[in-house]
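The values are calculated or read from the model by the stated rules, or taken from the named source; none is laboratory data. For clarity, every value in this text was computed on a predicted model and none was experimentally measured. Cβ atoms come from the backbone with ideal geometry, glycine included; neighbour counts cover every protein chain shown.
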Amino acid sequence: MKAQEHPVVILGLGVSGLGCSIALARRGVPFVALEREDRAGGLAKSDMVGGFPFDYGPHVLLQMPEEVKALLGELDGVRFNEYPGRSGIVLGTRMEEVVPAPFQLHLHQLPVATRARLALGEWRGRSATPANYAEYAAAQCGPGAYELFVRGYDLKRPRFPLEEIPPDWTTRMERTSLRSIFVPTNGQEHREQRFLYPAAGGIEALPQAMARLLPEACARYGSEAVEIEPETQVARLANGEAVRYGQLVTSLPLPETVARIRNAPAEVRRAAADLLYTSVYVINAIVAGPLPPWSILRFPDPALGFYRLSFPSQYGAKGTQCAVTGEISHHPTRHPLSPQQAARQFHEGLKRLGILRGGERAVLESVRNIAYGHVLYYHGTQASRRMILDYLRAHGIHCCGKYGRWRDMLIPQSIVSGMEAARAVLSEPQRDSICGLFGGGQRGRRQGGCGSR
Ligand SMILES: Cc1cc2nc3c(=O)[nH]c(=O)nc-3n(C[C@H](O)[C@H](O)[C@H](O)COP(=O)(O)OP(=O)(O)OC[C@H]3O[C@@H](n4cnc5c(N)ncnc54)[C@H](O)[C@@H]3O)c2cc1C
């Protein structure tokens with residue numbers, strides 16, 4: 001079978017692949033995007049379960065960079081509502097003990113004894129030059145607040161020693177002032193106070209609207225890439241097709257991209273084996289009980305299996321039913337857990353919190369495993385990650401998205417990462433291989449087509 005030829009091939013149409021595709025389509029660059037599934041969205045998809053649009057992983061939209069805000073404004077067929085954050089951290093295992101998020105603004109609401117503990121923590125001082133994430137987090141939120149609830153939550157999410165994670169693992173933590181333990185610190189706009197969510201259809205309404213911006217023939221679904229040959233610049237698909245590319249953009253998880261590289265050097269394969277991650281069971285249920293007045297709650301207490309519960313019937317598809325989604329991290333060796341055990345922990349936790357009462361069972365339940373849930377950025381990974389990205393880049397392969405670049409990213413940052421990959425594709429000297437090697441640049445630009453020949 002003769003290989004098809006495309007100046008740019010994109011692997012994966014999650015939000016990062018979509019961001020890249022939209023940026024290339026706007027510049028008139030011919031490309032084809034190959035997606036394994038039957039529709040776009042990746043992890044930002046939603047499924048109707050019991051008539052309720054549950055997200056694959058519970059998603060809300062925060063921390064929106066300007067170029068993503070501009071993109072949202074251009075989308076047709078989707079409307080975003082803004083919701084008050086209404087999230088919080090549950091201290092212990094009682095729903096009555098919740099510090100509303102951002103906790104940095106609400107510490108003064110805590111009982112006096114707890115606040116005294118937080119203030120005492122300040123005597124231990126904050127590290128000015130943190131050597132790891134644990135020290136960074138303690139310095140940002142104060143040693144007392146860190147021990148009381150931040151550490152427990154952060155341990156349950158990645159299931160990995162926080163001391164082995166570099167201090168710049170995340171930039172999402174706002175600084176707490178000692179003053180905020182005693183008096184309200186209103187007036188500051190914190191990132192978590194409000195979020196956006198599609199008015200209907202779950203989070204998937206976002207990638208579906210993004211996909212509608214693409215020239216139709218440029219997105220090919222049911223097309224799984226199984227092998228990449230950097231020397232011949234060919235991607236092979238599960239159906240036996242071969243696709244020749246000038247530039248390749250991949251949003252596949254980085255270890256999956258390396259696994260598909262034919263004859264990848266041994267050191268690159270070894271580096272890929274260094275990339276650690278944590279898997280997540282996402283458990284959805286509709287329960288009979290009343291809907292708690294929260295959108296998202298975090299649970300540092302080790303007695304509860306889940307680290308987070310979301311109540312999507314507070315946003316998105318509103319109604320009287322109480323839809324609840326739990327997230328439980330696991331890993332085959334560091335924290336083994338079967339889906340049945342996870343479902344049991346979820347049930348027990350809901351009962352303990354009083355969300356399920358007495359002998360009640362959830363009306364409906366589904367468990368989904370997200371294999372690459374949280375990417376782990378730890379001291380041992382940095383050099384390996386850099387080496388893989390450099391090797392791929394030297395072979396005309398650009399990586400984008402949370403899993404493609406192996407960095408903690410929310411949806412907006414993953415979209416931007418896709419747009420950045422498009423800019424890298426267009427940058428010199430690669431531009432020559434797009435427009436010269438295949439000669440499709442001008443043709444694609446005029447026709448807005450995919451440039452296949
Ligand atoms: C539990 C959880 C909760 C989260 N909550 C939030 C939140 O509240 N807010 C937020 O903004 N972000 C959240 N995120 C992060 C967000 O999901 C990611 O940043 C974003 O979805 C990453 O998009 P992506 O396109 O980079 O990757 P993906 O969504 O993984 O897309 C990759 C695409 O590649 C396709 N693919 C895979 N293999 C192949 C192959 N061989 N050939 C062709 N195609 C292939 C996949 O089908 C998929 O469509 C959460 C993540 C998780 C796991």
Checklist (1) under 17 Å from G88 (Cα atoms); (2) touching a residue at least 60 places away in the same chain (Cβ under 8 Å) applied to C141, failing item: (2)
So in region 217-255, with the set limited to residues that are in contact (Cβ under 8 Å) with a residue 60 or more places away in the chain and among the acidic types (D, E), which one is nearest to G19 (Cα to Cα)? E224
Quick check on R298: is it of a type in the set (K, R) and not assigned by TED's automatic domain parsing to the domain that holds L11? yes
Subset of region 156-185 (residues that are within 28 Å of G326 (Cα to Cα) and either of a type in the set (V, I, T) or free of Cβ contacts under 8 Å to residues at least 24 places away in the same chain (or both)): P161, I165, T170, T171, T176
List pairs: first residue in region 118-129 and of a type outside the set (V, I, T), second residue at pLDDT below 75 anywhere in the structure, Cβ distance under 6 angstrom, at least six positions apart or on different chains. E122/L178
Might you let me know whether region 111-122 holds any residue that is hydroxyl-bearing (S, T, Y) and farther than 30 Å from H6 by Cβ? yes
Out of (1) more than 21 Å from the chain's Cα centre (by Cα); (2) more than 27 Å from A264 (Cα to Cα); (3) not in a helix (DSSP H, G or I), what's the single condition that is false for T333? (2)
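Can you tell which of V363, V375 is of a type in the set (A, V, I, L, M) and either more than 18 Å from S310 (Cβ to Cβ) or surrounded by 15 or more Cβ atoms within 10 Å (Cβ to Cβ) (or both)? Spell out how you get there, then give the answer.
Details: V363 fails: either more than 18 Å from S310 (Cβ to Cβ) or surrounded by 15 or more Cβ atoms within 10 Å (Cβ to Cβ) (or both).
Exactly one of V363, V375 is of a type in the set (A, V, I, L, M) and either more than 18 Å from S310 (Cβ to Cβ) or surrounded by 15 or more Cβ atoms within 10 Å (Cβ to Cβ) (or both), namely V375.
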Test: residue in region 182-202 that is buried (at least 17 other Cβ atoms within 10 Å of the Cβ), of a type in the set (V, I, T) and under 25 Å from the mean Cα position of the chain (by Cα): no
For H347: the one exception among (1) near the ligand (Cβ under 10 Å from one of its atoms); (2) under 24 Å from I89 (Cβ atoms); (3) touching a Lys or Arg at 6+ places or on another chain (Cβ under 9 Å): (1)
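To keep it simple, each residue is scored yes or no on (1) of a type in the set (K, R); (2) within 26 Å of V416 (Cβ to Cβ); (3) in contact with a Leu (Cβ under 6 Å, 6 or more places away or on another chain).
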residue	(1), (2), (3)
I181	no, no, yes
G222	no, no, no
P255	no, yes, yes
I286	no, no, yes
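Answer with yes or no whether T333 is under 18 Å from T278 (Cβ atoms) and either in contact with an Asp or Glu (Cβ under 8 Å, 6 or more places away or on another chain) or modelled with pLDDT of 95 or more (or both). Write out each step before concluding.
Numbers: under 18 Å from T278 (Cβ atoms): yes; either in contact with an Asp or Glu (Cβ under 8 Å, 6 or more places away or on another chain) or modelled with pLDDT of 95 or more (or both): no.
No.
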Could you name every one of the strands (runs of 3 or more DSSP E) located completely within region 199-302 that has at least 1 residues being in contact with an Asp or Glu (Cβ under 6 Å, 6 or more places away or on another chain), within 30 Å of Y146 (Cβ to Cβ) and not small (G, A, S)? 276-287
Among the numbered criteria (1) at pLDDT 95 or above; (2) within 16 Å of the ligand (Cβ to nearest atom); (3) of a type in the set (A, V, I, L, M, F, W, C), which single criterion is violated by M387? (2)
Could you check how many residues of region 87-104 are assigned to a loop (DSSP other than H, G, I, E, B) and in contact with a Pro (Cβ under 7 Å, 6 or more places away or on another chain)? 1
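Can you pull out the residues in region 239-253 that are more than 8 Å from the ligand (Cβ to nearest atom) and surrounded by fewer than 24 Cβ atoms within 10 Å (Cβ to Cβ)? Steps first, answer last, please.
Kept after step one, since they are more than 8 Å from the ligand (Cβ to nearest atom), are these residues of region 239-253: 239-250.
Matches in region 239-253: N239, G240, E241, A242, V243, R244.
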Could you please tell me which pairs satisfy a Cβ distance under 7 Å, a separation of 6+ or placement on different chains, a first residue in region 50-78 that is in the same structural domain as V416 (by TED's automatic domain parsing), and a second residue that is near the ligand (Cβ under 10 Å from one of its atoms) and of a type in the set (K, R)? Y56/K45; Y56/R368
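Would you point out which residue out of V112, V99 is more than 20 Å from the chain's Cα centre (by Cα), surrounded by fewer than 13 Cβ atoms within 10 Å (Cβ to Cβ), hydrophobic (A, V, I, L, M, F, W, C) and under 16 Å from P184 (Cβ atoms)? Before the answer, list the steps.
Working: V99 fails: surrounded by fewer than 13 Cβ atoms within 10 Å (Cβ to Cβ).
After applying the criteria, what remains is V112.
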More than 14 Å from the ligand (Cβ to nearest atom), surrounded by fewer than 22 Cβ atoms within 10 Å (Cβ to Cβ) and of a type in the set (A, V, I, L, M): is that true of L91 in this structure? yes
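Could you say which residue among R308, R357 is of a type in the set (D, E, K, R) and either surrounded by 17 or more Cβ atoms within 10 Å (Cβ to Cβ) or without any contact (Cβ under 8 Å) to a residue 40 or more places away in the chain (or both)? Please lay out each step first, then the result.
Details: R357 fails: either surrounded by 17 or more Cβ atoms within 10 Å (Cβ to Cβ) or without any contact (Cβ under 8 Å) to a residue 40 or more places away in the chain (or both).
Answer to the selection: R308.
Answer with yes or no whether E216 is more than 23 Å from V416 (Cβ to Cβ) and modelled with pLDDT of 85 or more.
Details: more than 23 Å from V416 (Cβ to Cβ): yes; modelled with pLDDT of 85 or more: yes.
It is true that E216 is more than 23 Å from V416 (Cβ to Cβ) and modelled with pLDDT of 85 or more.
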